[in-house]
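The values are calculated or read from the model by the stated rules, or taken from the named source; none is laboratory data. Because the structure is predicted, anything quoted here is derived from the model rather than measured. Neighbour counts are summed over all protein chains in view; Cβ atoms, including those assigned to glycine, are modelled from backbone coordinates with ideal geometry.
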Amino acid sequence: MFKITRKETTWGGRTLILESGRIARQADGAVLVTYGGTQVLVTAVAQKTPRVGIDFFPLTVNYQEKTFAAGKIPGGFFKREGRPSEKETLTSRLIDRPIRPLFHKEFRNETQIICTVLAHDLENDPDVVSLIGTSAALTISGIPFLGPIGGARVGYIDGQYVLNPQMDELPSSDMDLLVAGTIEGVLMVESEIKELDEDVTLGAVGFAHKAIREVIEFIMDFADDCAKAPWPLPAPTEGVDAVKTRLWKIAEKPLRDAYAKTVKQERVEAVSAAKDAALKQMAEEEFDVELAAGLFKKLEKEIVRGNILKTGIRIDGRDTKTVRPIVAEVGILDRAHGSALFTRGETQALVVNTLGTGQDEQIIDALEGEYREHFMLHYNFPPYSVGEASFLRSPGRREIGHGKLAWRAIHPLLPTKEDFPYTMRVVSEITESNGSSSMATVCGTSLALMDSGVPLVRPVAGIAMGLIKEDDDYAVLSDILGDEDHLGDMDFKVAGTDKGITSLQMDIKITSITEEIMKIALAQARDGRLHILGEMAKALTDAREEVSANAPRITTFQIPRDKIREVIGTGGKIIREICEVTGAKVDIEDDGTIKVAAVDQDAGERAIEWIKGIVAEPEVGVIYTGKVVKVVDFGAFVNFMGSRDGLVHISELNDGRPATVTEVVNEGDEVKVKVLGIDDRGKVRLSMRVVDQATGDDITEQVGESRPSGGGGKRDGGERRGPRRDHD
């Protein structure tokens, strides 16, 4: 019989349960986490032997949502879960980022975390639950993980912080902020914020960290009852000191000279040459070249970090607060609806916005239910942006994550669908990269949207901050370079307007940072953000008054709900005909809202007139233009209001009664008619006789009142009409 360990506590007003020993017992660590009615199974497994010849930790995190968790069957032909959704990819990254720096530095064993959503109550998001479960599974597994950690979501509703707001509360929250950390401090922040200031944002992080401590203590109490014996720590590599001493003597001066070059391309070439020369000499002296190659990165790290802390001068010659030169341009692509080229130092983003209609919205089938997204932002990182030649691959986790970060930064400033009924798809092509291409995407997206006429509330800019920390000595860096990101301790991205923050993302490579460092970073980021907004304003300060001539014009109007069927027609016949004949796109919503989109203004107007003609009610005494759709011996049927037809009796074709209808009109003729009357069955009597067919003027006074359609009047020459025919 196996031992089951189960602990529960109350956290954020809901019950949090950790259970182990019943499911997935062959995994190194397996925990079933329940929060409210949401349940996630988290497993942690590491290979027993390390991978040889690698200088990184081979960690994989997979978050997966099973549709049965929400009582659904997958769509599509195969009826089973397929490739990861954007939510699954982003949550996998969300879990990976805070746990990665907490594994032993020499641990090289293949490690995999799998988080499987088994039940979703549609109230508590499984992402925080999965993060807690990952921490618990690693803590009890015996794998050399320096945790546990905790995670919490914070909302800001009516001026109050709310711990783990339920999903239906988030739309009314001014903040959706997720924090992960240890007992000592914060490791990761991910957020979307509605222009809140630095103090409120920092307060939310502190509020979350207090709640995180409660979870960590709960996990430690749980682990006391079920944790496995800890794995032996990796043995230090033999001969490291001797290799390090010799490498430092050979490579230190060439490497310092290389990092004295302020131009990236020259610096990269010099660093590469110094490395090749050093390793060649180490090989000639019969040292372990593979070990020396790994230590070379540590030498780079010591030189770059030491220089910054000692002098305050960075590898490109800037001080810690200066932002690189910025050039912002808009309208650079002739056919695009909106475009911008944002260049900051050696980082450049070409950002293009395309405007579409409701038919272009992205349909997302989530556990919470199907919904539509009218704003999409796609980030691409081609290899030429860093001077490399490699395979072009489909977007990976990094591209999806960077695109979503920029999406969160822009989203709070977008107009409502009622005010701007367009679908927007932004594509950011990173054409050069040396640090913070995601923040360049934020700036370029803001400009491209305004260039295409999207009425953003305010322009948005972003900046990436870095940190160099050695013991109690540290330096916060504004607008970090790629090398400062790789060799530093923090990647802290802040986006927002001149009014406040809209998105905050932070990743820490050390065990945690203090509130004091975060406060300095936020203040420094605000100064940098305002500077960048000023540079962007040189290109464009507000949205253009009209959308591009290449974009569709959307006209929105309302029709009665009981008329929707008439506009659509049987099997969609009428709506298809309107679109095919006019060339416009027509969207009809359930409440009777009609959206007509067309690049050609005339096409849009024709479609609008057609629809209005279908739903309009004819008025007695009003003159309309119509088309003869059928000729019978007693008159002509005229289509004069969309699908509405009326009869022009033979006696009302002209002032002198013709012998046959075809003497006056034939099918397909365009005529002008006056409504004489509408009977209680909705049948309409029309007259051409009382309308001047050339001018459309009413000539009733000239020709006399209309005759009764049954007739008794005389024809020319005094002849009487034949017997009346039933034309019903």
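Against the criterion of being loosely packed, with under 14 Cβ neighbours inside 10 Å and of a type in the set (Lys, Arg), residue 585 does not qualify.
Restricted to the range 215-249, and to residues there that are small (Gly, Ala, Ser) and under 14 Å from residue 147 (Cβ atoms), the residue that is surrounded by the most Cβ atoms within 10 Å (Cβ to Cβ) is 223.
Every condition in (1) of a type outside the set (S, T, N, Q); (2) touching a residue at least 24 places away in the same chain (Cβ under 8 Å); (3) within 28 Å of residue 454 (Cα to Cα) is met by residue 363 except one, and the failing one is (2). Scanning the range 657-684 for residues that are of a type outside the set (Asp, Glu), loosely packed, with under 12 Cβ neighbours inside 10 Å and more than 18 Å from residue 632 (Cβ to Cβ) yields 681, 682.
Quick check, is residue 603 under 22 Å from residue 572 (Cβ atoms) and in contact (Cβ under 8 Å) with a residue 60 or more places away in the chain? Criteria not met by residue 603.
Total residues in the range 617-637 satisfying the condition of being on the phi < 0 side of the Ramachandran plot and in contact with a Lys or Arg (Cβ under 8 Å, 6 or more places away or on another chain): the figure is 10. Is there a residue being part of a helix (DSSP H, G or I) and surrounded by 15 or more Cβ atoms within 10 Å (Cβ to Cβ) anywhere in the range 356-368? Checking the range 356-368: at least one residue is part of a helix (DSSP H, G or I) and surrounded by 15 or more Cβ atoms within 10 Å (Cβ to Cβ). Taken over the range 637-659, residues that are over 20 Å from residue 699 (Cα atoms) and in contact with a helix residue (DSSP H, G or I) (Cβ under 8 Å, 6 or more places away or on another chain) amount to 4. Scanning the range 4-28 for residues that are under 17 Å from residue 131 (Cα atoms) and modelled with pLDDT under 95 yields a single hit, 12. Restricting attention to the range 90-116, the residues that are out of contact with any Ser or Thr (no Cβ under 6 Å at 6 or more places or on another chain), in a strand (DSSP E or B) and not polar (S, T, N, Q) add up to 2. Being modelled with pLDDT of 90 or more, within 22 Å of residue 328 (Cα to Cα), surrounded by fewer than 17 Cβ atoms within 10 Å (Cβ to Cβ) and under 24 Å from the mean Cα position of the chain (by Cα): is that true of residue 498 here? Yes; evaluated as a whole, the condition is true for this residue.
To keep it simple, each residue is scored yes or no on (1) part of a strand (DSSP E or B); (2) in contact with a His (Cβ under 9 Å, 6 or more places away or on another chain); (3) buried (at least 23 other Cβ atoms within 10 Å of the Cβ).
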residue: 123; (1), (2), (3): no, no, no
residue: 130; (1), (2), (3): no, no, yes
residue: 154; (1), (2), (3): yes, no, yes
residue: 189; (1), (2), (3): yes, no, yes
residue: 203; (1), (2), (3): no, no, no
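Out of the range 41-71, which residues are among the β-branched types (Val, Ile, Thr) and in contact with a Ser or Thr (Cβ under 9 Å, 6 or more places away or on another chain)? Passing the criteria: 42, 43, 45, 60, 61. Which residues, counting only those in the range 333-343, are surrounded by fewer than 19 Cβ atoms within 10 Å (Cβ to Cβ) and in contact (Cβ under 8 Å) with a residue 12 or more places away in the chain? Hits for the range 333-343 are 333, 335. Of everything in the range 588-612 that is farther than 23 Å from residue 372 by Cα and surrounded by fewer than 17 Cβ atoms within 10 Å (Cβ to Cβ), the residue that is nearest to the chain's Cα centre (by Cα) is 599. Note on the range 309-322: among residues that are assigned to a loop (DSSP other than H, G, I, E, B) and touching a strand residue (DSSP E or B) at 6+ places or on another chain (Cβ under 6 Å), the one that is surrounded by the most Cβ atoms within 10 Å (Cβ to Cβ) is 320. Across the range 454-478, the number of residues qualifying as at pLDDT below 95, touching a Ser or Thr at 6+ places or on another chain (Cβ under 7 Å) and not in a strand (DSSP E or B) comes to 0. Against the test of being touching a residue at least 60 places away in the same chain (Cβ under 8 Å) and either surrounded by 20 or more Cβ atoms within 10 Å (Cβ to Cβ) or more than 30 Å from residue 81 (Cβ to Cβ) (or both), the options 417, 404 yield a single qualifying residue, 404. Would you check which residues across the range 331-365 are out of contact with any strand residue (DSSP E or B) (no Cβ under 8 Å at 6 or more places or on another chain) and either modelled with pLDDT under 90 or closer than 30 Å to residue 594 by Cα (or both) and list them? Selection gives 335, 365.
Taken over the range 49-72, the criterion of being under 26 Å from the mean Cα position of the chain (by Cα) and over 20 Å from residue 125 (Cα atoms) is satisfied by 60 alone.
Residue selection: residue 541 satisfies the criterion of being farther than 18 Å from residue 204 by Cβ and either out of contact with any helix residue (DSSP H, G or I) (no Cβ under 8 Å at 6 or more places or on another chain) or modelled with pLDDT under 95 (or both).
All of 30, 44 fail the test of being within 27 Å of residue 82 (Cβ to Cβ) and either under 31 Å from the mean Cα position of the chain (by Cα) or assigned to a loop (DSSP other than H, G, I, E, B) (or both), apart from 44. Close Cβ contacts (under 8 Å, 6 or more residues apart or on different chains) running from residues in the range 536-553 that are over 22 Å from residue 596 (Cβ atoms) to residues that are aromatic (Phe, Trp, Tyr) and surrounded by 20 or more Cβ atoms within 10 Å (Cβ to Cβ) comprise 536/342.
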